[in-house]
Amino acid sequence: DKTELLDENGALTVKEGDTITAYFLSSKNNEKLFTTKLGSSPMAGDHLEEAYRNKIQIEGVIEKEVKGGLEVKIAGSFRAFCPYSQACIDKSESAEKLIGKQLDFIIIEYGEKGRNIVLSRRPIIEEEKRNAKEAFKKTLQEGMMVTGKVASIMEFGAFIDIGVIQGLLPVSEISWGRVDDIAGTVSVGDELTLKIIKLDWERDRITLSLKATQTDPWENVEKKYLEGAVYTGEVARMTKFGAFVTLEPGVDGLIH
């Protein structure tokens, strides 16, 4: 049905040669019927069981809030139930604001010849997130700069939201100087400009660096610290062979 391939403005979203995913529903009068998702026409009611068995998306209009979830009208006249846990309601909106909206669902329970239908939006949302994540990953390269927000802080580093994916800012990549307390350096909600230093898609990991966006203090060490001159520093750590003294963040000297 052409209407399945139109956008909100009524424009066709595909052209000859494009590849799409469609589901086979039935064969009638030497015609095979396919669908990308079942609409709300009465004809769709004949294919509800196929939609349940084959996980075909179905359009539904949210009618009202009921105990434990939402009542949804599908396939023209069928009433279905979508639990709150399967509705994937955005934190910024209430269930009441969804009433009257047309959304896509998957049938997760089908019984009594259509008198008992349970819906879910979760598989659709998760698939959309996976697709968005895969598309976003293709735009990333090692060495590029990204902007992100600190999502959480652990002992070993901070997790950063850089869109639809998270990267790790290890504690060793926060600063050229020694960082003993991560929470004292970055806070949840901070917006940072970072450099991607490693992409490991086999383990689904992105390693970020704040240090790499800062000037390397060792670039000017020879000009800044001259032999024979006297400087004040702080003892950073002791070893059997001497003491390490911090002259500035990232620059330690050794007293044998």
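The values are calculated or read from the model by the stated rules, or taken from the named source; none is laboratory data. This structure is a prediction, so every number in the text was calculated from the model and none was measured. Glycine also receives a Cβ, built like all others from the backbone with ideal geometry; neighbour counts cover every protein chain displayed. With ligands, DNA and RNA removed, areas are computed over all heavy atoms of the protein, side chains included. Shrake-Rupley method; radii C 1.70, N 1.55, O 1.52, S 1.80 Å.
Here are some notes:
- Helix 122-137 axis versus longest C-alpha principal axis of the chain: approximately 40°, rounded to the nearest ten.
- The calculated pair-distance distribution of the stretch 101-187 uses every alpha carbon pair, bins of 5 angstrom beginning at 0, and gives 3, 11, 15, 14, 12, 10, 9, 8, 6, 6, 4, 2, 1, 0 percent.
- Normalised alpha carbon radius of gyration of the chain [divisor 2.2 N^0.38 Å]: 1.59
- The share of accessible area on the stretch 1-145 that comes from carbon and sulfur is 47 percent, using a 1.4 angstrom probe.
- For the residue pairs LYS28/LYS55; LYS138/LYS198; LYS73/LYS137; LYS64/LYS133; LYS101/LYS149; LYS195/LYS223, alpha carbon separations beyond 26 Å are given by LYS73/LYS137; LYS64/LYS133; LYS101/LYS149; LYS195/LYS223.
- Accessible surface area normalised per residue over the chain is 67 Å², counting heavy atoms of protein chains with a 1.4 Å rolling probe.
- Pair-distance distribution P(r) for the stretch 126-256, from all Cα-Cα distances in 10 Å bins starting at 0: 11, 34, 27, 18, 8, 3, 0 percent.
- Average Cα contact separation per residue, the chain, under 8 Å, 6 or more apart, as relative contact order %: 10 percent
- For the chain, with +1 on Lys and Arg beta carbons and -1 on Asp and Glu, the positive-most of MET154, THR246, MET144 along the dipole: MET154
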